[in-house]
Amino acid sequence: METTAYEQYERAKNDIIYGKEFEEDSRFEDGVFKKCYSCKDGSGMFWERTFDGITEYWSTKQGVSLYWDQKSRRELRNERDLLTAKIYDMEDIIDQLRRELCKANTKLEAIAKLVV
């Protein structure tokens, strides 16, 4: 089973249906969500089956089936959200340090005036 990134799955699907009129057939059978996209001009088809967070997909252009794991994408999204929160926290700390530096500079300027 060859696993791919979500972006590769999207590219494979777009290779078939992007900019074309297509029909989508979606159904849920035996715990598996199945979709088929058929171009109305007959130029291609894209199939996908999703079970337990793993999507298998293939198309008329790509004869082998590939997989992408939605769970790992969610984990990456959670990690990205945590990193984003840490960046915002660091920005808050940097802003606080800038304010303290401004106060210190103001005090130094006042002392310098007294010395002169």
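Read the figures in this text as sums done on the coordinates, not as results from a lab. Keep in mind it's a predicted model, so treat the numbers as computed, not measured. As a convention, Cβ positions derive from the backbone with ideal geometry for all residues, glycine included, and neighbour counts pool all protein chains shown.
Residues considered: Tyr67, Tyr37, Tyr18. Largest GNM mean-square fluctuation over the chain, using C-alpha springs under 10 Å, is found at Tyr18.
Taking all Cα pairs closer than 8 Å and separated by 6 or more residues, the relative contact order of the chain comes to 19 percent.
Summarising the amide proton neighbourhood of Ile54: residues at separation of 5 or more, or on other chains, whose placed amide H is nearer than 5 Å comprise Gln70. What is the local net charge at Cys39, summed over the other residues whose Cβ is closer than 9 Å to its Cβ (Lys, Arg +1; Asp, Glu -1)? Every neighbour counted, the sum reads -1.
Based on C-alpha pairs under 8 angstrom that are at least 6 apart in sequence, segment 6-72 has a relative contact order of 25 percent. The eigenvalues of the Cα gyration tensor, multiplied by 5 and square-rooted, give segment 6-72 an equivalent ellipsoid with semi-axes of 20, 14, 9 Å from largest to smallest. Derived scalar couplings between HN and Hα for segment 20-27 equal 10, 7, 9, 10, 10, 10, 10, 7 Hz in order, rounded to whole Hz, by the Karplus curve 6.51 cos²θ - 1.76 cosθ + 1.60 (θ = phi - 60°), x for Gly and Pro.
Look at the dipole of the chain built from charges on Cβ: of Tyr9, Ser43, Trp58, the Cα furthest out on the positive end belongs to Tyr9. How big is Rg to Rh over the chain, alpha-carbon atoms, Rh as the Kirkwood inverse-mean-distance radius? Rg divided by Rh gives 1.46. Relative to the longest principal axis of the Cα atoms of the chain, helix 6-17 runs at roughly 50 degrees. Within the straight-line cut-off of under 18 Å between alpha carbons, the lysines reachable from Lys13 are Lys34, Lys35, Lys40, Lys61, sequence neighbours fewer than 8 places apart in one chain being disregarded. With axes computed from alpha carbons, what is the tilt in degrees of helix 70-115 against the longest principal axis of the chain, rounded to the nearest 10 within 0 to 90? Once rounded, one gets 10 degrees.
Here the 3J(HN,Hα) profile of segment 42-56, calculated from phi with Karplus coefficients 6.51, -1.76 and 1.60 at θ = phi - 60°, is x, 7, x, 9, 10, 10, 8, 10, 10, 9, 6, x, 10, 10, 9 Hz, Gly and Pro shown as x. Around the Cα centre of the chain, unit charges on the Cβ atoms of Lys, Arg, Asp and Glu (plus for the first two, minus for the last two) sum to a dipole of about 600 debye.
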